[in-house]
Structures are given as C-alpha cells and as structure tokens.
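Peer 1: Shown below is the structure under consideration.
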Amino acid sequence: MIRWLLRHEDGPPALRRAVWIVLAGCVPFFALRYGLHRPVAALYAIFGALPLVLFCHVPGPPRQRTRTLLAALPVGWLMVTAGTLLAVRSWAAACGMLVVGFLVAFCAALGPRAAALSIAHQLYYVLPCFPPYAPQTLGSRLAGLTVGILCTALAERFVWPEPAPVPYRAVLADAADAVARHAERTAVALAAGTGLAALRGAADRALDAARLSRVPAAERPTSPSMSDRALNHAHAALRYVRDQLDRLHACPDVPHPVSAELLRQAAAALRPAAAALRDGSAGPPPPDELAAALGTFDTARARTLDRVSAAGLRQDALVRAAAEGTRMVTEATRIALGARPAPPRSGVTPADEPFGYALVSGPGRWWWRLRAHLTPGSVLLQNAVRVAVALAAARLLAGALDLSHGFWVLLATLSLMRTSAADTRSALVPAFLGTAAGAALAAGLLYAVGDRPVYYAVLLPVVVLVGFGVGPVLGPAWMQAAMTLTFVLIFSQLAAPHWELSGVRLVNVVIGGSVGALAGLLAWPRGAHGRLRQAFADALTASAALCRSVTGALCTGGDGPVGLHRARKAVLLAEATYLQYRTERHPGRDPDPVWGDAMAAAYQALRGGEATVGRHRAGHRVPLPAAAADRLAALAARAAEEYLRSAAALRAGRWRETGPPPVCPARESAPLRYVVEHGAEIPPERALLTADAEAWLTGAAETAGRVRTR
C-alpha cells in the first residue's frame, strides 16, 4: 500500500501530514495523558496540532513556515482564553463566536499566511467555548496548546519536511526573461524593417504562468507587504510592456534605428531584473542607463517633430511606453527585494504615486488592505460574514439542544462550508456518508472493547496513519470516516467510553453541516460567481474615470489627485473575486476568457496611467494649448466610453457583441494630426507627451473594446 500511495500525486503529502499528526499530536497526547496524568493538557495538545496539520497549508520555504507557526502561538493563547471565559453562558459564547469568526475569516484579506491559519485559530476558540465552564483549567489548556503548536513546528521543520516551493519571484523571473527576448527580437525587426508578427508566443506563455490564478494559492503574493505588492506591480508592468510590443505589429514596417536601440536598452534592463528575481539576494541596479536612453530618444524625437508622420509618432510613442514600462518593472523589482523609492514630491500624496505603497508604513499598508475590503462588494467580506453567522448560529443551537461534544457541530460547520451554496451541498453528501461509516465502525469497536483505554491508545496512531495517509487519495468520505474514528478514539481515552459516542458524532456532523448549508443558501449563495460580473464592471468603470482624470491633469498642467488609488482598489477587488471564482466548481464550463480581457483592460488603464502621471509630474507641467487639450480630452472621453460600454455589457451579461473590436488608426487620430500640423507651436516636451498620452488612450480604448467584441 505504501508503494501505491507514494506513486500517487497526492500520496506523499498526505502520508507526510499523517506522520506529523502522530508525532506532533499523538505523542504529546500520550505523554501528557499517561505520563503526567494531565488529561486537559493532553486534549489541547493534540487539538493544537490537528487543525494546523489537517486544515492549514502554510506557505513559503521551511524557515518562513516555522516562523508562521510560531506566530500562531500567541493568537492561539488569545483564542483559548476568550473561549474559556465566554463559555459561562451560551449566548456569550455565541457572541464571541460571531466576533472571532468574522475577524479571523476577514483576516484572509491580509494574504495566504493569515488565510492558512484561519481555521486553526477559529477552532482554538471553539474547543474551550463549550461546557464545562472551567476557567481554573485555563493554565492546563494553554500549556497543552503550546506543546501541540511547538511540536507541530518541530515536526514540520525536521521530520520529512516539505520541499521548498518554487517562489513566485522565480516564476516572474522567467516572464521577465521572455519579455526581454520579445523586446530584443522586436528591436531587430524594427531596425531591419521586417515583419513583427509571430514574436509573442514565449512571452505570452511565461506571463500566463505568472498569473495569480495559475499559482498555487499558498504561494500567491497577495499580502499587503511591500514585497508582495511590488511583485504584483512588476507582473502587471511586464504585461504592459508586452502589450506595447504587440501593438507595434500594427505599425508600418519602416526601419527605425533609434527606436530599435531604445528597445535593446529596455531588454538589457530587464535581464538584471530577471536575474535578481531568480536569485532573490539583491535588487537590480537603478535603471540609470535606460533613463539616459529615454532622454536621448526624446531628444531625437524632438528634432524630427517637423517632419514626422502620425504613424511615426504612434510607433515612437509605443516604443517609449515599452521602455517606460521596463523602468517600472525594474523599480518594482528593486522594491520587492528591499530597496526604497524616492520620497513623494511636495504636495503629492503617496496614494497617487506609482509606487506609493512603498512610501507608507507597514501598518498603513495592512490597514489600507482591510479598509479596501470593507465593502459589501468584497467576496472576502462576504465569506467572513457567512462564516461568522453560521458558527454563531451553530453555537447557539448546540447550547439550546444541550448537545454533548458540541465542538463537533462547529467543526463540521467550519470544515464543510464552502464559498458557494452549490459547493457546500456537494461537500455534504460524502461527509455524511463517511461520518456514518466511521460511526458504525466506531460503535462496533466501542461495544467490543469497552472501557480499556490501552486498546484505544494503540489504535489511535494506526488510524491516523492509515486514515489521514490515504484520505486525500480516496476522497472526502474516507477523510470524514477517519476523522470520526480519530475523535472517538481520543475522547474514549479521556472519559468512560460508550458505543453511543459514535452516534453523537454522526448527529453533530449532520447538524453542523446542515447549519453551514443553510447559511450558504441564505448569504450570497452564488459565491464569487454571483459577484464576478459586477466586480469587473466596477474595475472598468474606475478605469474610465482614470482615463479622464489623468488626461485632465495633462491638459491643465495640474498636480492634484488623479484617482490612481480608486482604480487600484477596484482592480484589487476584481482580482480577489476572480481568484475565488477559480476555486469554485463550475461543472462543464471553462473560465470565460472575457475575465482575462477585462483584467487586461484594467491593467492597461492603470499601468499606463501610472507611467503617464509619473512622466507628467517629472516634467514642466505647463498646460497644453487649448486645441491640443480639446483633442486629447475628446480621445479620453472616447476611451472612457469604451470602458463604460464594456462595463455595461458585463453587468447585463451580454458581452459578446458582433463585429470587430474598435481600432484607432494613427492617421485618423486628432491629437496626432494636431502634433504633426502644429508641433512647432508648443514646447517639444508637451508635444511628445501629447503623442505618448494618445498612444496610451488608444491602446486603452482598443483593449476595453475587446472585452465585449472578441
């Protein structure tokens, strides 16, 4: 059986965790129960280890996982203390469960490490919040919990440790290398005037592999930490660079050595960024050479303003946008690896800086993330409310019915609830069948063995190894049967056993699962699927506002807020919704590519807006001539209209219109025609900025249109 198990994909991880439960749970349980005769401490020792091993997949390399487990200890103390003191009344315990359930579940917004420990922390409150009310045993409970968590950390670190996962930064490094090769090949084609087609395949595959939905949930950089924020920023900037390179395909195949040289410089800047991400020891050097190349490029563009065509202006603007995006990738990489950006300019808040998150203190970033999700549109807030209400209701019901082992009711509620009602219903049938089978086996065992704890002590590690070792391979019904047998064997060593204990377990699981199913049916039953269209529509609406506000700042020369923070929040909520959507079951249906198109459109507006704002604020900030400003504002209105039309199509559920996506040819662009005809009448840097903003807005309009027409 062991050979078969080790050959199965899920076998080695399951067997590893079963071994950890034996070492971190059973061994301390036996030592405290039979060696020191401390049954209360023994119970809390094994239940300190069980949730961490069974339900919590802590992310990161071994050393980081150990730190995370040790950080769970003081929170566990707090949960056990609160549960012990609030067990005095059922209503007090239920109110505490409501608060604890919400806070712990909502902290999933703080990233995968907080989310990984949420079930364990909730169970640390659940176990002591039932009778008997025994505050005098608090010391033994805390001691047992401490032993269980510490033994778990030691077993996880030194006994058959999990291999270190591939860090996200290494996946991102592959994407940076692929985009660098894409830029180099585009530069060669641009210099020679040959076709630019068929260059994007490798870059597309590498960037697709770096999408958060393709990365294991435990390894996603979704926390508010500066490193994770910067890694996400770098990935979005790489996509932005790739998109600008792809848009060059539609430009005339005219040799342009200066543009080709800038793309080579961009590729050269991406390579040390990729090497730094892969190595992880130090960030790449500041992109000074690329900045100098951008200055040289702008000087060359200014000299040819009197004889350039609209198509040439578009091509140069796209090349510059790719290089500017490369600077963003390099700076984000440096921040992810420990560097700090320059302080914000006077009068500018960090919220409207491209790298403003790195200018805010750690607590400020964590608070921003929690506040961003404190909205009814956040699926994480919805999950927290659903879990909290279900657990509080289950606690009230267990108290009202005076159920013995009411802990099992809340454990069933917590372990069987899913983010949608359909998924919860799917989990109930195998759970009930497995519990019934386990209860039947346990009843026969209790009837045959009677009050002989030594037999249960001998069987416990065997059941744990076999049950939890093969459970993930054989399915959820087997896991529920193993859990039922394990719990019966544990409690049979703490009190006089009776065969009716197995029936109590079955009844409690049915009650707890039913409460969870009812809560899922009443509170946002469709889960992320019911929120997805609205979340992406909100992101596109915020993108429309961003196009207008950034363009308004360019036209007036102003330096006020442009709404970057609002667009970032909308994109954050859309990403969180989509990531949860990918975890929910959608039988017979693949994820619709419209969501990838919508995210690309939001990124095009946000990253292009950040680059445009950064360049505008670094320049002279003089107003554009009225005629140029009117044309650019009209283009921004058109781009915003494309975003709003796509948002309306998503809300209505009709996003596949007939006809091709919108195209914005350079020869028909009013801002570009104005620069060609009147470039000598305005300062060169403003003329070039007008062309660059035009390239951003037309790209945004085309990308937004593809959401509903592709």
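The values are calculated or read from the model by the stated rules, or taken from the named source; none is laboratory data. As the structure is a prediction and not an experimental result, all values here were calculated from the model. Don't worry about glycine lacking a Cβ; one is built from the backbone with ideal geometry, like all the others, and counts go over all protein chains shown. With ligands, DNA and RNA removed, areas are computed over all heavy atoms of the protein, side chains included. Shrake-Rupley method; radii C 1.70, N 1.55, O 1.52, S 1.80 Å.
Peer 1: For segment 268-289, name all the residues that are outside any loop (DSSP other than H, G, I, E, B) and surrounded by fewer than 21 Cβ atoms within 10 Å (Cβ to Cβ).
Peer 2: Result: ALA268, ARG271, PRO272, ALA275, ARG278, ASP279, ASP288, GLU289.
Peer 1: I've got another one for you. Tell me which helices (runs of 4 or more DSSP H) are completely within segment 308-410 and hold 1 or more residues being touching a Lys or Arg at 6+ places or on another chain (Cβ under 8 Å) and under 26 Å from ALA700 (Cα atoms), or say none if there are none.
Peer 2: It comes to 310-336, 362-373.
Peer 1: If a residue has to be modelled with pLDDT under 95 and either touching a Phe, Trp or Tyr at 6+ places or on another chain (Cβ under 7 Å) or on the phi > 0 side of the Ramachandran plot (or both) to count, how many in segment 89-112 make the cut?
Peer 2: So the answer is 2.
Peer 1: With the requirement that a residue be among the polar types (S, T, N, Q) and in contact with a Cys (Cβ under 7 Å, 6 or more places away or on another chain), what does segment 676-704 give you? Steps first, answer last, please.
Peer 2: Initial filter on segment 676-704 (among the polar types (S, T, N, Q)): 690, 698, 703.
Listed by number, the list holds a single entry, THR698.
Peer 1: Tell me yes or no: at least one residue of segment 70-88 is within 26 Å of SER223 (Cβ to Cβ), under 22 Å from the mean Cα position of the chain (by Cα) and among the small types (Gly, Ala, Ser).
Peer 2: Scanning segment 70-88, I find at least one residue that is within 26 Å of SER223 (Cβ to Cβ), under 22 Å from the mean Cα position of the chain (by Cα) and among the small types (Gly, Ala, Ser), so the answer is yes.
Peer 1: Inspect segment 533-545 for any residue being within 24 Å of VAL387 (Cα to Cα), in contact with a Gly (Cβ under 9 Å, 6 or more places away or on another chain) and crowded, with 19+ Cβ neighbours inside 10 Å and give the result as yes or no. Steps first, please.
Peer 2: Filtering segment 533-545 for residues within 24 Å of VAL387 (Cα to Cα) gives 533-535.
Among the residues that remain, those that are also in contact with a Gly (Cβ under 9 Å, 6 or more places away or on another chain) are: 533-535.
Among the residues that remain, those that are also crowded, with 19+ Cβ neighbours inside 10 Å are: 533, 535.
Yes: segment 533-545 contains one or more residues that are within 24 Å of VAL387 (Cα to Cα), in contact with a Gly (Cβ under 9 Å, 6 or more places away or on another chain) and crowded, with 19+ Cβ neighbours inside 10 Å.
Peer 1: Report yes if some residue within segment 40-50 is surrounded by fewer than 23 Cβ atoms within 10 Å (Cβ to Cβ) and modelled with pLDDT of 95 or more; otherwise report no.
Peer 2: For segment 40-50, residues surrounded by fewer than 23 Cβ atoms within 10 Å (Cβ to Cβ) and modelled with pLDDT of 95 or more: present.
Residue-by-condition table, conditions (1) open to solvent by less than 30 Å² (accessible area, probe 1.4 Å); (2) of a type in the set (D, E, K, R):
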site	(1), (2)
ALA206	yes, no
PRO216	no, no
ARG220	no, yes
ASP228	yes, yes
GLN244	yes, no
LEU248	yes, no
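Peer 1: Report yes if ALA427 is at pLDDT 95 or above, among the small types (Gly, Ala, Ser) and either outside any loop (DSSP other than H, G, I, E, B) or within 30 Å of LYS569 (Cβ to Cβ) (or both), otherwise no.
Peer 2: For ALA427, the condition - at pLDDT 95 or above, among the small types (Gly, Ala, Ser) and either outside any loop (DSSP other than H, G, I, E, B) or within 30 Å of LYS569 (Cβ to Cβ) (or both) - is not met.
Peer 1: Under the condition of being among the aliphatic types (A, V, I, L, M) and closer than 17 Å to VAL458 by Cβ, which residue from segment 1-29 is surrounded by the fewest Cβ atoms within 10 Å (Cβ to Cβ)? Break it down into steps so the answer makes sense when it comes.
Peer 2: Within segment 1-29, the first condition is being among the aliphatic types (A, V, I, L, M), and the residues that meet it are 1-2, 5-6, 14-15, 18-19, 21-24, 27.
Imposing the further condition that a residue be closer than 17 Å to VAL458 by Cβ reduces the set to 18, 21-23, 27.
Numbers: ALA18: 25, ILE21: 26, VAL22: 22, LEU23: 21, VAL27: 18.
Only one residue tops the list, namely VAL27.
Peer 1: Quick one: count up the residues across segment 383-393 that are small (Gly, Ala, Ser), open to solvent by less than 30 Å² (accessible area, probe 1.4 Å) and within 12 Å of ALA523 (Cβ to Cβ).
Peer 2: Qualifying residue count for the region: 3.
Peer 1: Which one of these is touching a His at 6+ places or on another chain (Cβ under 6 Å) and either in a helix (DSSP H, G or I) or free of Cβ contacts under 8 Å to residues at least 60 places away in the same chain (or both): VAL462, VAL458, VAL473, VAL466? Even if it seems obvious, please write down each step before you answer.
Peer 2: Numbers: VAL462 fails: touching a His at 6+ places or on another chain (Cβ under 6 Å); VAL458 fails: touching a His at 6+ places or on another chain (Cβ under 6 Å); VAL466 fails: touching a His at 6+ places or on another chain (Cβ under 6 Å).
Answer to the check: VAL473.
Peer 1: Going through segment 480-506 one residue at a time, which ones are open to solvent by 40 Å² or more (accessible area, probe 1.4 Å) and either without any contact (Cβ under 8 Å) to a residue 60 or more places away in the chain or polar (S, T, N, Q) (or both)?
Peer 2: Of everything in segment 480-506, those that are open to solvent by 40 Å² or more (accessible area, probe 1.4 Å) and either without any contact (Cβ under 8 Å) to a residue 60 or more places away in the chain or polar (S, T, N, Q) (or both) turn out to be ALA495, ALA496, HIS498, TRP499, GLU500.
Peer 1: Could you count how many residues in segment 518-532 are surrounded by 20 or more Cβ atoms within 10 Å (Cβ to Cβ) and farther than 30 Å from LEU650 by Cβ?
Peer 2: Here the count works out to 0.
Peer 1: Need the failing condition index for VAL458 against (1) within 29 Å of ILE2 (Cβ to Cβ); (2) surrounded by 19 or more Cβ atoms within 10 Å (Cβ to Cβ), just the number.
Peer 2: All conditions are met except number (2).
Peer 1: Tell me, which residue of segment 461-479 that is open to solvent by less than 40 Å² (accessible area, probe 1.4 Å) and not hydrophobic (A, V, I, L, M, F, W, C) is modelled with the lowest pLDDT?
Peer 2: In this case the residue turns out to be GLY471.
Peer 1: Just one of SER543, SER492 is touching a Phe, Trp or Tyr at 6+ places or on another chain (Cβ under 6 Å), modelled with pLDDT of 95 or more and of a type in the set (Ser, Thr, Tyr); which is it?
Peer 2: Going through SER543, SER492 in turn, the sole match is SER543.
Peer 1: Can I ask one more? Quick check: is even one residue across segment 111-122 in contact (Cβ under 8 Å) with a residue 40 or more places away in the chain and not in a helix (DSSP H, G or I)?
Peer 2: yes
Peer 1: Something else about it: Given the conditions (1) farther than 20 Å from LEU506 by Cα; (2) within 42 Å of the chain's Cα centre (by Cα), report the number of the one that ALA412 does not fulfil.
Peer 2: (1)
Peer 1: Among (1) on the phi > 0 side of the Ramachandran plot; (2) at pLDDT 90 or above, where does LEU318 come up short?
Peer 2: Of (1) on the phi > 0 side of the Ramachandran plot; (2) at pLDDT 90 or above, only one is false for LEU318: (1).
Peer 1: Condition first: surrounded by fewer than 17 Cβ atoms within 10 Å (Cβ to Cβ) and basic (Lys, Arg). Now tell me which residues in segment 125-166 satisfy that.
Peer 2: Hit for segment 125-166 is ARG157, nothing else.
Peer 1: Is it fair to say ASP306 is more than 26 Å from THR333 (Cα to Cα) and open to solvent by 30 Å² or more (accessible area, probe 1.4 Å)?
Peer 2: Details: more than 26 Å from THR333 (Cα to Cα): yes; open to solvent by 30 Å² or more (accessible area, probe 1.4 Å): yes.
Taking the combined requirement at face value, the residue satisfies it.
Peer 1: For segment 422-438, give me each residue that is of a type in the set (A, V, I, L, M) and closer than 22 Å to LEU123 by Cα.
Peer 2: Within segment 422-438, ALA427, LEU428, ALA431 meet the criteria.
Peer 1: While we're looking at this one, here's another question. Have a look at LEU380, LEU396 and point out the one that is at pLDDT 95 or above and surrounded by 22 or more Cβ atoms within 10 Å (Cβ to Cβ). Lay out the reasoning, then the answer.
Peer 2: Working: LEU396 fails: surrounded by 22 or more Cβ atoms within 10 Å (Cβ to Cβ).
Answer to the check: LEU380.
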